[in-house]
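Q: I have a structure here, written as structure tokens, and I will follow up with some questions on it.
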Amino acid sequence: MRAAAMTLTSTRGFIAILLSVAVVQGQDGWGVTYTSTQICALKGSTVYMNCTYTSPVNAKITKTFWFTKSDGKFLDLKEDSNYNSRVTYICDAKNCSLKIIELKEMDSTQYKFRIISPQKLYFGPPGVNLSVIDRPHLQVHVSRSSCYSGDTCVQVELRCQSSCPLPDNYKYIWFKNMDTFQSDTSSYSTNISSEDKISCAVKGYETFRSPPVCEFTPQSSSNMSPFSGGFYLMHYNMTGCIY
């Protein structure tokens, strides 16, 4: 099974790539492979939806295109007044990408790929469902934590997560007590104290930070287990900050 890449590029200057399990549908040698059936993207960004397709050896392909509306007509997005000034097809051999710039919330719908030949009129289900959101809804989560015996120092591994899962390669900014960290990734490991307040944001969308979390307290001393270097692994609660 061949997998295709799907790339999200923000007009605000970051690039992200999402790779996921391909979905393949085929019939009599005809088929379309999508990277995913679900994409989440931010309003104002640029999205690439890629696919590969197969056809019988003797088939003559006369046209390929992406569409959202069928109504029995399968309207090419390049001929759709809602898209024609914002879409580009990037096709090579049997790979074809749909590029949509300046994403709008109204672009949230299902996209499918159409193949036309004298032998067959084919479109590849199930298609790609695009969800365009106006802002990332973020939460900070702890994926691992540790401390010195005696709780003199605490180190946590944090992850910035979105309610609408974003690609791993989006760039992030981390904030501790209003100061930024030098990190571009969705996860970050740092030392913290019980007074620290931690939040995160997607680069280019810094206005929409996650709610700050603080009060890093151990759930139970029974959760402690030996770890290398004199550390103890622990699970920590993170609660909303009270001002």
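The values are calculated or read from the model by the stated rules, or taken from the named source; none is laboratory data. What you are looking at is a predicted structure, and each value in this text was computed from that prediction instead of being measured. For neighbour counting, all protein chains shown are included, and Cβ atoms are generated from backbone atoms with ideal geometry for every residue, glycine included.
Q: Take the conditions out of contact with any helix residue (DSSP H, G or I) (no Cβ under 7 Å at 6 or more places or on another chain), within 24 Å of Ala41 (Cα to Cα) and at pLDDT below 90 and apply them to Val154. Does it pass?
A: no
Rundown of residues vs (1) assigned by TED's automatic domain parsing to the domain that holds Ile100; (2) at pLDDT below 90; (3) outside any loop (DSSP other than H, G, I, E, B), yes/no style:
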position	(1), (2), (3)
Ile39	yes, yes, yes
Tyr53	yes, no, yes
Asn58	yes, yes, no
Phe74	yes, yes, no
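Q: Where the second residue is part of a strand (DSSP E or B) and small (Gly, Ala, Ser) and the first is modelled with pLDDT of 90 or more and surrounded by fewer than 22 Cβ atoms within 10 Å (Cβ to Cβ) and lies in segment 118-131, which pairs have Cβ atoms under 8 Å and are six or more apart or on separate chains?
A: Close Cβ pairs (under 8 Å, with a partner that is part of a strand (DSSP E or B) and small (Gly, Ala, Ser)) amount to Leu130/Ala41; Ser131/Ala41.
Q: Looking at segment 139-146, can you tell me whether even one residue there is in contact with a Leu (Cβ under 9 Å, 6 or more places away or on another chain) and modelled with pLDDT of 80 or more?
A: So far as segment 139-146 goes, yes, one or more of its residues are in contact with a Leu (Cβ under 9 Å, 6 or more places away or on another chain) and modelled with pLDDT of 80 or more.
Q: Output the residue which, of all residues in segment 88-115 that are touching an Asp or Glu at 6+ places or on another chain (Cβ under 9 Å) and not hydrophobic (A, V, I, L, M, F, W, C), is nearest to Lys43 (Cα to Cα).
A: Looking at residues that are touching an Asp or Glu at 6+ places or on another chain (Cβ under 9 Å) and not hydrophobic (A, V, I, L, M, F, W, C), I get Glu105.
Q: Looking only at segment 178-185, decide whether some residue is at pLDDT 85 or above and part of a strand (DSSP E or B).
A: No; the residues of segment 178-185 include none that is at pLDDT 85 or above and part of a strand (DSSP E or B).
Q: Shifting gears a bit: Determine whether segment 100-112 contains at least one residue that is small (Gly, Ala, Ser) and either at pLDDT below 90 or in contact with a Pro (Cβ under 7 Å, 6 or more places away or on another chain) (or both).
A: No, that holds for no residue.
Q: If you don't mind, there's one more thing I want to ask. Which condition number in (1) of a type in the set (Gly, Ala, Ser); (2) in contact with a Phe, Trp or Tyr (Cβ under 7 Å, 6 or more places away or on another chain); (3) at pLDDT 85 or above is the one that Ser162 fails?
A: (2)
Q: Which residue, of Glu79, Glu102, is loosely packed, with under 15 Cβ neighbours inside 10 Å and within 23 Å of Asp134 (Cα to Cα)?
A: Testing whether each residue is loosely packed, with under 15 Cβ neighbours inside 10 Å and within 23 Å of Asp134 (Cα to Cα) leaves just Glu102.
Q: Which condition does Tyr53 not pass, out of (1) of a type outside the set (Asp, Glu); (2) closer than 29 Å to Ser163 by Cα; (3) touching a residue at least 60 places away in the same chain (Cβ under 8 Å), if it passes all the others?
A: Evaluating Tyr53 over (1) of a type outside the set (Asp, Glu); (2) closer than 29 Å to Ser163 by Cα; (3) touching a residue at least 60 places away in the same chain (Cβ under 8 Å) leaves (2) as the failure.
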